[in-house]
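Since the structure comes first, as structure tokens, the remarks are kept for the end.
The values are calculated or read from the model by the stated rules, or taken from the named source; none is laboratory data. Given the structure is predicted, the values throughout are model-derived calculations rather than measurements. Backbone-built Cβ (ideal geometry, glycine too); neighbour counts: all protein chains shown.
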Amino acid sequence: MQLVKNLLLISVFFFSSNVMPAEPNFDTDIRYLHVQKGQTLHNIVKRLYPHRVKDWPELSQAIVKHNPQAFINGDATRMIAGARIELPQKMIIRAVPATTAKSQKVGFVIESEGNVVAVDSRKVSRKLSGGAAVYLGDKVITGEKGYVRLKMIDDAVLDLRCYSIMVIEEYAIDTKNRRSILNLLKGSLRQVTGEIGKLTEDIYELRTPVANVGVRGTEYALRVFQSKGCGGTLDADDGMYLEVIKGLVDVHNSAGHELLSKGETAYVPLPKTAPQKVAPKPGILTPVKVEPVMAPVPAQPVEEESSSGWWWLLGVVAIVLLI
């Protein structure tokens, strides 16, 4: 078990230390989809393969054959809402070539702290400060005390904390192709999703080395392979931790999947281990609140009762007796 973890970590850090080649083919293989109410197979195929119109019938048949549990009596026009379908391995979707990535602005920096840089597909790095743009294909990296908040083109907000590496693989919001695919190699992320994910035909996925996350109009916090805490969080074991703050989240890998709702949490230790609905200890996903220690209040000296009051009282009594 420990050997597998170490090998996986080595692969993650190797990827993070080697910037993408000049013309990479992002293998954005959308393997899993969660069927939404009102969604049709025709619309799914149309969105996934917009330039392969002639192949749509064949692609639809392959999906039905591969996922009989998602259709009523094998009828391609009768999908079961809530079912989870897996696309055949050969159905691979290629992203836009990175040669055009520089011109495709997909968001900008709202605020940043510490060391935050972006490395583009040409192996050129630049510092990310307030107002700076981020582009398709960028690898965003935060240092030991780094933090960056991004606002994407669909109004999604991403908070990336220290020791994090995230790749923007796909991001498009045009009417025919609304999709968002991010790859968090390591670190911690808190996201409020934007327009992408609100429509049943949208494609949204957050990828990590151990599991992928699909959401629809939600807010969540996630931490993966970030053994050292920052910003008030504690050190943690390897693996992925996730908490749903609002909405629904589908966490899945080759071993299984879990559908999480508001307030639920999950842990995935390894890629071949199914997600588990467990509550992480306080401080893993959210900063630990430290109660301020109140300084002891010094005791106030007890004042001795003045004897002048007694003499005044005796004087009054004496006057009364003389009258």
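Taking the stated definitions as given, is Ile168 surrounded by fewer than 23 Cβ atoms within 10 Å (Cβ to Cβ) and either more than 27 Å from Tyr267 (Cα to Cα) or touching a residue at least 24 places away in the same chain (Cβ under 8 Å) (or both)?
no
Could you list, ordered by first residue, the pairs with Cβ atoms under 6 Å in which the first is in the range 36-60 and more than 20 Å from Glu86 (Cβ to Cβ) and the second is surrounded by 15 or more Cβ atoms within 10 Å (Cβ to Cβ), at least 6 apart or interchain?
Gly38/Thr200
Go through the range 154-177 and report how many residues are part of a strand (DSSP E or B) and either of a type in the set (A, V, I, L, M, F, W, C) or in contact with a helix residue (DSSP H, G or I) (Cβ under 8 Å, 6 or more places away or on another chain) (or both).
Within the range 154-177, residues that are part of a strand (DSSP E or B) and either of a type in the set (A, V, I, L, M, F, W, C) or in contact with a helix residue (DSSP H, G or I) (Cβ under 8 Å, 6 or more places away or on another chain) (or both) number 10.
Under 7 Å between Cβ atoms, at least 6 apart or on separate chains: pull out the pairs that start in the range 221-233 with a residue that is within 20 Å of Asp250 (Cα to Cα) and end on any residue that is in a loop (DSSP other than H, G, I, E, B) and among the acidic types (Asp, Glu).
Phe225/Asp238
Sort out which residues of the range 79-122 are at pLDDT below 85, farther than 28 Å from Val64 by Cα and touching an Asp or Glu at 6+ places or on another chain (Cβ under 9 Å), and write them in order of number.
The answer is Pro97, Ala98, Thr99, Ala101, Lys102, Ser121.
Residue check: is Phe26 at pLDDT below 85, among the aromatic types (Phe, Trp, Tyr) and either surrounded by 11 or more Cβ atoms within 10 Å (Cβ to Cβ) or touching a Leu at 6+ places or on another chain (Cβ under 8 Å) (or both)?
The answer is yes for Phe26.
So is Arg149 of a type outside the set (Gly, Ala, Ser), closer than 28 Å to Leu41 by Cα and part of a strand (DSSP E or B) or not?
No: the conditions fail for Arg149.
Is it the case that Leu206 is out of contact with any Lys or Arg (no Cβ under 9 Å at 6 or more places or on another chain) and either modelled with pLDDT of 90 or more or under 21 Å from Gln104 (Cα atoms) (or both)?
Considered against the rule, which asks whether it is out of contact with any Lys or Arg (no Cβ under 9 Å at 6 or more places or on another chain) and either modelled with pLDDT of 90 or more or under 21 Å from Gln104 (Cα atoms) (or both), Leu206 comes out as yes.
Quick one: would you say Lys262 is touching a Lys or Arg at 6+ places or on another chain (Cβ under 7 Å) and not in a strand (DSSP E or B)?
yes
Just to be sure, is Val210 without any contact (Cβ under 8 Å) to a residue 60 or more places away in the chain, in contact with a Leu (Cβ under 9 Å, 6 or more places away or on another chain) and either crowded, with 20+ Cβ neighbours inside 10 Å or part of a strand (DSSP E or B) (or both)?
No.
What number of residues within the range 213-235 satisfy the criterion of being surrounded by 18 or more Cβ atoms within 10 Å (Cβ to Cβ), at pLDDT below 90 and of a type in the set (Lys, Arg)?
1
With respect to Gly197, determine if the residue is of a type in the set (Gly, Ala, Ser), on the phi > 0 side of the Ramachandran plot, surrounded by fewer than 22 Cβ atoms within 10 Å (Cβ to Cβ) and more than 13 Å from the chain's Cα centre (by Cα).
The answer is no for Gly197.
If you scan the range 39-80, which residues turn out to be part of a helix (DSSP H, G or I) and of a type in the set (Phe, Trp, Tyr)?
Of everything in the range 39-80, just one residue is part of a helix (DSSP H, G or I) and of a type in the set (Phe, Trp, Tyr), namely Trp56.
Check off (1) under 20 Å from Gly82 (Cα atoms); (2) buried (at least 19 other Cβ atoms within 10 Å of the Cβ); (3) within 16 Å of the chain's Cα centre (by Cα) for Asp202 and give me the number that stays unchecked.
Result: Asp202 passes all but (3).
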